[in-house]
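**Q** Here it is, the structure, as structure tokens.
The values are calculated or read from the model by the stated rules, or taken from the named source; none is laboratory data. As the structure is a computational prediction, the values presented were derived from the model and not from experiment. Cβ coordinates were reconstructed from backbone atoms using ideal geometry, including for glycine residues, and neighbour counts include every protein chain displayed.
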Amino acid sequence: MRCKRTYNIVTLLAFISVIVFSPTYSYSQNIDIEDTWNTIKAKDFVSVHGGASASLVYHNSDRPDSGRLPWVYNLNGNLNISVLKNFNIPLSYNLTNMGGAYRYPTMPNRLSIHPTYKWVTGHIGDFTMSFSPYTFNGHMIRGAGADVTVKNKIKISSFYGTLNQPVQYDASNMILPAAYKRIGYGLNMLYSNAKSVAGVSYFVAKDQESSIEKLDDSLRIYPKQNVAIGFKAGHKLGNNLSLEGEYGLSIITEDTRISDDSKNALSPIHVNSSSDHRSAFKIRSSYTFFKKVIGLGYERVATGYQTMGAYYFNNDFENFTLDFTCSFFKGKTQFSSKGGLQQDNLDKTKASTTQRYIGSAQVTSPIGKKIQFTFTYSNFQNYMKVRNQFDKINQNLPAAIGDTLNYVQVNHNVHSSFTYLLKQTKEQVQNILLNVTFQKSNNKQGGIEIPSAGITMYNSMLGYNINLIAPRISITAAFNTTYTLLATSTLFYGPTVSVNKRLLKDKIGVGLSTSYNRAESDNMLQSQIVNLRANASFTYMKRHTLSTILLYQFRDHVSKRTSDTDFTGTLTYAYNF
């Protein structure tokens with residue numbers, strides 16, 4: 001008995017040593033100290049779970065440039081060893097005849113441990129925090145921090161650590177510039193109750209001049225420092241009126257080597273002739289009446305406002321906004337809108353001032369008992385990925401291929417969806433669906449819009465679906481259209497039909513689908529594509545799964561007067577434990 005107890009203790013210490021000194025390449029650990037102690041007392045030391053899969057892919061194509069091997073095998077597996085329910089050691093492997101990759105305990109790129117005890121949570125390693133959009137907002141920290149919550153009303157957060165690692169100057173590397181090691185620390189205190197909120201945040205960052213070799217001044221890379229302070233307040237007056245606001249002040253010193261320093265009242269960091277301070281603030285008031293909410297807002301971010309506590313920051317703008325939210329028909333219909341005016345050139349240094357009206361609106365409503373309708377519109381600037389829906393329809397691999405379009409700035413986005421319930425009984429459910437999306441985007445360089453780089457895209461889908469409940473059959477038919485206007489106009493359109501069925505209490509699933517689509521450019525037919533897909537899967541004892549996917553694709557390149565075919569077959573076995 002003593003030997004077994006000794007073995008358990010040795011095993012426990014060995015696994016803890018592996019976790020502390022040889023963690024995996026990237027993971028985060030949340031550790032509840034009370035729960036860990038209870039687990040030790042219960043002698044529940046180690047548990048193991050994971051999975052493995054093997055797949056064989058056959059590909060045949062008459063395209064000479066397909067660039068794919070006829071046979072490819074994939075062996076994948078993952079194993080997670082859990083010690084004391086809170087420490088995890090994930091292991092994984094991937095082997096193919098095209099190469100291999102292993103993941104095993106090595107020194108980490110990213111490691112974070114978050115011990116928790118009652119109302120205190122610690123952060124050790126790599127983690128992020130957010131104080132305020134004007135001071136510290138989501139920057140990665142490598143160091144230590146803590147969150148303290150007192151009676152669910154007071155929350156105090158603090159951290160100290162490295163924000164940027166040093167990068168030595170390399171004249172041959174034009175992509176990654178030299179950078180100083182940057183150390184930062186911050187404190188955020190927030191008080192809130194049912195009617196009021198008040199908070200203050202403080203953030204300091206400083207580059208270490210000795211962290212890299214001395215640079216020539218012609219490179220214009222200098223050690224910098226930043227101190228930022230923010231205030232937040234809000235109060236609810238009665239049951240209807242509320243006021244809230246936030247203010248930020250940031251002082252940036254572009255070159256700390258300049259010696260004409262004077263003390264900064266906000267921090268022990270000095271300021272000099274290269275220092276500059278900027279401010280930002282926003283206020284909002286809202287009034288509630290008859291289950292409706294109307295709000296007024298104003299935000300102003302000074303030209304050149306920045307903070308080292310955020311990776312990306314918009315400045316030189318002010319927004320005047322009006323928002324309205326309400327519900328109709330006993331709360332079934334929801335409506336929200338926001339609009340206003342946005343302008344830049346706050347310090348009048350630009351040759352011209354840009355003004356534009358901004359707005360967004362959303363309506364979600366059932367019409368009767370059978371119709372569901374949603375409409376959204378926005379012209380606020382944001383970043384999203386615009387993708388042609390036919391990229392997915394025409395993919396020639398079993399798994400979804402990666403997006404090929406870059407992120408662009410979308411200035412206008414309209415989306416509407418319409419669902420009509422044709423029939424709903426115990427035997428079947430039938431629906432008609434209509435989705436329409438309009439997106440207009442542009443790219444900017446140096447803050448100036450590039451007209452030739454803009455993209456206008458229309459996506460639409462009209463579909464019909466029927467679910468036969470007893471036989472477990474689902475049938476879907478759809479017609480898709482995508483129209484893109486860039487330098488030239490491109491039109492994709494075509495139908496898709498799919499049938500899926502479940503057998504033996506959902507242990508077996510089979511499916512068939514086919515699609516045909518055409519591509520036109522400036523009203524000239526470019527290509528025609530036919531896709532035929534078949535899939536089947538069998539699950540045994542919830543742990544074993546055997547599946548297969550067959551894909552045949554015919555491409556007729558009308559403009560090139562050529563055609564080609566592709567066939568891909570995949571057989572996969574997976575086991576989970």
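**Q** With respect to Gly402, is the statement that it is under 30 Å from Val72 (Cβ atoms) and modelled with pLDDT under 85 true?
**A** yes
**Q** Inside the stretch 525-577, can you point out the residues that are basic (Lys, Arg) and closer than 30 Å to Thr490 by Cα?
**A** Hits for the stretch 525-577 are Arg533, Arg555, Lys560, Arg561.
**Q** Considering (1) exposed (fewer than 14 other Cβ atoms within 10 Å of the Cβ); (2) at pLDDT 65 or above, say which one Asp44 fails and leave the rest.
**A** If we test Asp44 against (1) exposed (fewer than 14 other Cβ atoms within 10 Å of the Cβ); (2) at pLDDT 65 or above, just (2) comes out false.
**Q** If you don't mind, there's one more thing I want to ask. In the stretch 518-564, how many are within 21 Å of Leu56 (Cβ to Cβ) and not small (Gly, Ala, Ser)?
**A** 16
**Q** Which pairs have Cβ atoms under 6 Å, sit 6 or more apart or on different chains, and link a residue in the stretch 180-192 that is more than 16 Å from Tyr160 (Cα to Cα) to one that is assigned to a strand (DSSP E or B) and β-branched (Val, Ile, Thr)?
**A** Sorted first by the residue in the stretch 180-192, then by its partner, the pairs are Tyr191/Ile154.
**Q** Suppose we filter the stretch 158-189 for residues that are in a strand (DSSP E or B), farther than 20 Å from Lys206 by Cβ and within 27 Å of the chain's Cα centre (by Cα); how many remain?
**A** The number of residues fulfilling the criteria is 0.
**Q** Among the residues of the stretch 277-290, is there at least one that is hydrophobic (A, V, I, L, M, F, W, C), modelled with pLDDT under 95 and closer than 30 Å to Phe328 by Cβ?
**A** yes
**Q** Taking Phe289, is it aromatic (Phe, Trp, Tyr) and touching a strand residue (DSSP E or B) at 6+ places or on another chain (Cβ under 7 Å)?
**A** no
**Q** I've got another one for you. Looking at the stretch 327-350, I want the residues that are surrounded by 15 or more Cβ atoms within 10 Å (Cβ to Cβ) and have a partner that is assigned to a loop (DSSP other than H, G, I, E, B) and not β-branched (Val, Ile, Thr) with Cβ atoms under 8 Å, at least 6 apart or on another chain. Which pairs are those?
**A** Qualifying pairs under 8 Å: Ser327/Lys291; Asp344/Asp316; Asp344/Lys350; Asn345/Asp316; Asn345/Ser352; Leu346/Ala302; Leu346/Asp316.
**Q** For Tyr202, state whether it is under 17 Å from Val148 (Cβ atoms) and either in a loop (DSSP other than H, G, I, E, B) or in contact with a Gly (Cβ under 8 Å, 6 or more places away or on another chain) (or both).
**A** Against the criterion (under 17 Å from Val148 (Cβ atoms) and either in a loop (DSSP other than H, G, I, E, B) or in contact with a Gly (Cβ under 8 Å, 6 or more places away or on another chain) (or both)), Tyr202 qualifies.
**Q** Can you find, within the stretch 194-207, the residue that is nearest to Asn164 (Cα to Cα) among those that are exposed (fewer than 15 other Cβ atoms within 10 Å of the Cβ) and not hydrophobic (A, V, I, L, M, F, W, C)?
**A** Looking at residues that are exposed (fewer than 15 other Cβ atoms within 10 Å of the Cβ) and not hydrophobic (A, V, I, L, M, F, W, C), I get Ser196.
**Q** Residues that are surrounded by 19 or more Cβ atoms within 10 Å (Cβ to Cβ) and at negative phi: list the strands (runs of 3 or more DSSP E) wholly contained in the stretch 211-325 that include at least 1 such residues.
**A** 225-237, 241-253, 267-271, 275-289, 292-301
**Q** Specify which of the listed residues (Lys151, Lys155, Lys118) is surrounded by fewer than 18 Cβ atoms within 10 Å (Cβ to Cβ) and in contact (Cβ under 8 Å) with a residue 60 or more places away in the chain.
**A** Lys118
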